[in-house]
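Accompanying notes for the structure given below.
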Amino acid sequence: MQIPKAILIDVIDPRTDEQNAAKRLEELKNLTNTYGGMSVIEIIQKKSVPDYDTYIGKGKVEEICELAAHRKADILIINNLLKPRQIFELNEIFRKRKLDLKTWDRVDLILKIFDKHAQSTEAKLQIELAGIRHMGPRIFGMGIELSRQAGAMGLRAGQGESNIEMMKRHLQAQELSILKKLKHYETINEGHRKRRRRQNFKTVALVGYTNAGKSSLLNALTGKGAYVADELFATLDTRVGKLYIPEDPGKDGVFRKGTEILLSDTIGFIQDLPPSLIQAFKSTLSETVDADLILHVIDISDPDLHEKIKVVEDVLNQIGLSKKPKIYGFNKVDLIAPRSLFEKGIKAKRLKAGIVEAGEGASELLGWVDKKQKKEAKTKISGLRKKYAKFSPLFFSAEERLNLKKVEEEMKQVVAGYGEEAVFGGPGRI
Ligand SMILES: Nc1nc2c(ncn2[C@@H]2O[C@H](COP(=O)(O)OP(=O)(O)OP(=O)(O)O)[C@@H](O)[C@H]2O)c(=O)[nH]1
Ligand SMILES: [Mg+2]
C-alpha cells in the first residue's frame, strides 16, 4: 500500500508575528509526525481571516486542487478548528473535481493520534465519545445542506432530513451506550480512590503540556515504567505510582516511618482543544480532580513555555481546578545548564537508589563546566522563580535524575499540609 500523501495548511491571524507563525507550523509538523505514516508533500501557511464557506479561502482551495491533482494527494490537514459546514463544503468541491482528497481539521488529527495511542478500553471509549461529539455536528450540518440540495433538485424536501434524523438518533444511542460503559470505569476508579483515601494516602497529580516529561518524572520517582516518547500525546490513560520518601534518622538515631505519596500521570494538554474533547476525558482526568496537590510539569527548554503554562492553566480552570494547591516543576534543566549547577548540593549518601551519585570526580567525569551556560541558566532560573514564586517553582531533570530530591521534599511538605506559608514562596533555592 502506498503511504498517503498529505498537504498541511495553517490559516493564521494576519497580526501573528513571524516567531509565533513558525511555532505553529512546528507544532503542526510535530502532530503530523506523531500520527506518522504519511508523507507531507506541501506545507502552506496563510495569513488571513477565515473564509466563511471554506475557511481557507477560494484562492487556496484552487491552489490545493491543482496541487492535489498534480501530486495525487490524499489528505488535506488544516491546523484550525473548522465548522462542520466548512468541511462539508471543501469535501464537496474536491468531490466535484474528482479528487480523492479528504479534509481533516486539527481536532480530527488529534483524535486520530489519540486513537493510535489508546491502550486501555477506557481510553478507547473516551476517544470514541470525543469522536461522536466532534463528528455529530458535522453530520447535522450536512443534513441542512442535503435537504437544501434535495429541494433544489426537486426531490421531496423531507427525505434528506429523515435520514439525518435516523443518523442523529443512532449517534445519540451510541453516545449513551459509551457513557454507560464509561460510568462503569468511573465507579471502579472511584472505588480505588476511596480505598486510597481510607488508607490515608496523599495523592499528587502530574499535569502539563504534552511532551513536558510527566511520564518521565513518574518513572524517575516511582520506577513505574510508563511509556515515554518524544511524541505528542504519548500518554492517554492515567497511571498511578507509589513514591516512598524515607525519613532521615533523627538526632537520636531512630528511623521514623517515611512518607508515602501516590503520584498520577495522565494525558497532556495542548492549545486549541475544544472543550468537548476535555469533557470526553473527564474520567481519565478525575484522578487529577481528586488529587491533594497538582504538580504542573513544564519543559524549561521550550521557548514557548509561558504560553504553554497558560494553556495548561486554562484547561485546569475548565475542569474546575483553579483553586487546587499547585506547584510548578520545571523539567529538562539538563538541556539548559551543565549538571554541575545542580549537583553541588546533593549529598550522595542521602540519594535514593538510582538517583545520580554525585561522587568524587563526578563533575570531572561528566564534562567541563561551561561558565557562560551556567550563568545564563542561573538567570533563566531566577527569572522563572520570581515570575512564578506563587507556585514554589522547582527545577529538575527527570531523565538525568537531577534535583529530584528537592521535588520529593517539596511534595512531602505540601501534602503534609504545613500550611500556606511553608508551602508557597519558600526561600529561593535551585
Ligand atoms: N533532556 C531531557 N529530556 C527529557 C527529560 N524528561 C523527559 N524528556 C524527554 O521528553 C520527551 C517526552 O517525555 P514524556 O515523559 O513522554 O512526556 P509526557 O509529558 O509524559 O508527554 P505526553 O504523554 O506525550 O503528554 C521524551 O523524549 C523524553 O525522553 C529531561 O529531564 N531531560
Ligand atoms: Mg506521558
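The values are calculated or read from the model by the stated rules, or taken from the named source; none is laboratory data. Every value quoted in this text rests on a predicted model; they were computed, and no experiment measured them. Virtual Cβ from ideal backbone geometry, glycine too; neighbours counted across all protein chains shown. Ligands, DNA and RNA are excluded from the accessible area calculation, which covers all protein heavy atoms including side chains. Shrake-Rupley method; radii C 1.70, N 1.55, O 1.52, S 1.80 Å.
General remarks:
- Members of the stretch 310-320 found to be away from ligand 1 (no atom under 13 Å from the Cβ) and either open to solvent by less than 10 Å² (accessible area, probe 1.4 Å) or acidic (Asp, Glu) (or both), listed by number: GLU313, ASP314, LEU316
- Test: residue in the stretch 50-65 that is within 17 Å of ARG95 (Cα to Cα), more than 24 Å from the chain's Cα centre (by Cα) and surrounded by fewer than 14 Cβ atoms within 10 Å (Cβ to Cβ): yes
- PHE330 being modelled with pLDDT under 85 and either more than 16 Å from ligand 2 (Cβ to nearest atom) or part of a loop (DSSP other than H, G, I, E, B) (or both): no
- Of the helices (runs of 4 or more DSSP H) that lie entirely inside the stretch 198-308, those containing 2 or more residues that are crowded, with 16+ Cβ neighbours inside 10 Å, among the β-branched types (Val, Ile, Thr) and within 16 Å of ligand 2 (Cβ to nearest atom) span 282-290.
- VAL312 falls short on exactly one of the conditions (1) within 16 Å of ligand 2 (Cβ to nearest atom); (2) part of a loop (DSSP other than H, G, I, E, B), and that condition is (2).
- Residue check, ASN219 farther than 21 Å from GLU409 by Cβ, polar (S, T, N, Q) and either modelled with pLDDT of 90 or more or not assigned by TED's automatic domain parsing to the domain that holds LEU295 (or both): no
- Entirely in the stretch 1-97, the helices (runs of 4 or more DSSP H) that have 1 or more residues that are within 25 Å of PHE269 (Cβ to Cβ), small (Gly, Ala, Ser) and out of contact with any His (no Cβ under 6 Å at 6 or more places or on another chain): 18-35
- Check on GLY258, away from ligand 1 (no atom under 16 Å from the Cβ), more than 22 Å from VAL415 (Cβ to Cβ) and not β-branched (Val, Ile, Thr): no
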